[in-house]
Amino acid sequence: MPFTFTPCPIPGLYEIQPKVFGDERGYFFESYSERDFNAAGLTLPFVQDNQSRSGKGTLRGLHFQRQRPQGKLVRAIQGEVFDVAVDIRPGSSTCGKWHAVILSGEKQNQFYIPPGFAHGFLALSDGAIFAYKCTDFYYPEDEGGIVWNDPFIGITWPDLGMEYVLSDKDRKLPGFNPQ
């Protein structure tokens with residue numbers, strides 16, 4: 001199998017490492033294979049791909065959809081990001097807990113985040129290009145969010161020696177409200 005699926009401490013989260021074939025010309029790898037993901041128990045109906053570019057210190061999130069939650073397969077195409085998933089599933093034994101993975105365009109690792117999680121990331125390098133596949137479409141009217149520095153969740157964001165760059169919308173997100 002050209003992928004290694006490593007379960008994370010919060011059930012449902014996986015760090016995924018594709019097998020990268022490289023030589024003096026560069027590299028090649030499969031970033032997704034329905035057959036291999038299904039064999040690993042991740043049967044995912046991806047319907048939308050998204051991509052963003054962020055400068056160092058840009059923090060995006062924490063975002064989720066309320067009624068139409070999205071599963072996401074995320075990766076850094078270029079640069080590095082500190083990628084965070086927060087369990088917001090009501091009744092989950094890990095509700096309010098977070099897990100982070102450093103995603104790197106050099107390492108080509110990926111992070112699978114199932115529906116029921118808030119998601120955000122911090123660009124650790126200049127010119128971080130971030131891409132992700134989603135299991136449902138984006139519906140602006142269904143969007144929710146949690147402020148990035150919520151004290152209940154307590155994410156330990158990396159210290160970059162600078163103030164993070166956030167959108168006005170992300171700066172004004174509410175705190176976590178476990179239901």
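The values are calculated or read from the model by the stated rules, or taken from the named source; none is laboratory data. Small disclaimer: the values here were computed from a predicted structure and weren't measured. Every residue, glycine among them, receives a Cβ derived from its backbone with ideal geometry; neighbour counts consider all protein chains shown. Quick note on the areas: whole protein, heavy atoms, side chains included, nothing else; ligands and nucleic acids left out. Shrake-Rupley method; radii C 1.70, N 1.55, O 1.52, S 1.80 Å.
Checking each residue in segment 55-96 for being polar (S, T, N, Q) and assigned to a strand (DSSP E or B) picks out Thr58, Gln65, Gln78.
Pairs are defined by a Cβ separation below 7 Å, a sequence spacing of at least 6 or placement on different chains, a first member in segment 148-166 that is more than 13 Å from Lys97 (Cα to Cα) and among the β-branched types (Val, Ile, Thr), and a second member that is surrounded by 15 or more Cβ atoms within 10 Å (Cβ to Cβ) and at pLDDT 95 or above; the pairs so defined are Val165/Gly57; Val165/Thr58; Val165/Leu59. Within segment 133-159, the set of residues being farther than 27 Å from Ser93 by Cα and in contact with a strand residue (DSSP E or B) (Cβ under 8 Å, 6 or more places away or on another chain) comprises Phe137, Tyr138, Tyr139.
Residues in segment 57-107 that are of a type in the set (Asp, Glu) and under 26 Å from Gly127 (Cβ atoms): Glu80, Asp83, Glu106. Kindly provide the set of residues from segment 117-166 that are open to solvent by 10 Å² or more (accessible area, probe 1.4 Å), of a type in the set (A, V, I, L, M) and not in a loop (DSSP other than H, G, I, E, B), ordered by number. If the condition is that a residue be open to solvent by 10 Å² or more (accessible area, probe 1.4 Å), of a type in the set (A, V, I, L, M) and not in a loop (DSSP other than H, G, I, E, B), then Ile129, Ala131, Val165 are the ones that fit. Taken residue by residue, segment 37-45 has no member that is of a type in the set (Phe, Trp, Tyr) and under 26 Å from Gly127 (Cα atoms). Of the residues Ile113, Ile102, the single one that is modelled with pLDDT of 95 or more, β-branched (Val, Ile, Thr), open to solvent by 40 Å² or more (accessible area, probe 1.4 Å) and touching a Leu at 6+ places or on another chain (Cβ under 9 Å) is Ile102.
Residue count for segment 61-74 satisfying the condition of being open to solvent by 50 Å² or more (accessible area, probe 1.4 Å) and touching a strand residue (DSSP E or B) at 6+ places or on another chain (Cβ under 6 Å): 1. The numbered conditions (1) of a type outside the set (Val, Ile, Thr); (2) within 30 Å of Tyr27 (Cα to Cα); (3) at pLDDT below 95 are all true for Gln108 except (3). For segment 3-42, the set of residues classified as open to solvent by less than 30 Å² (accessible area, probe 1.4 Å), in a strand (DSSP E or B) and touching a residue at least 60 places away in the same chain (Cβ under 8 Å) consists of Ile16, Pro18, listed by residue number.
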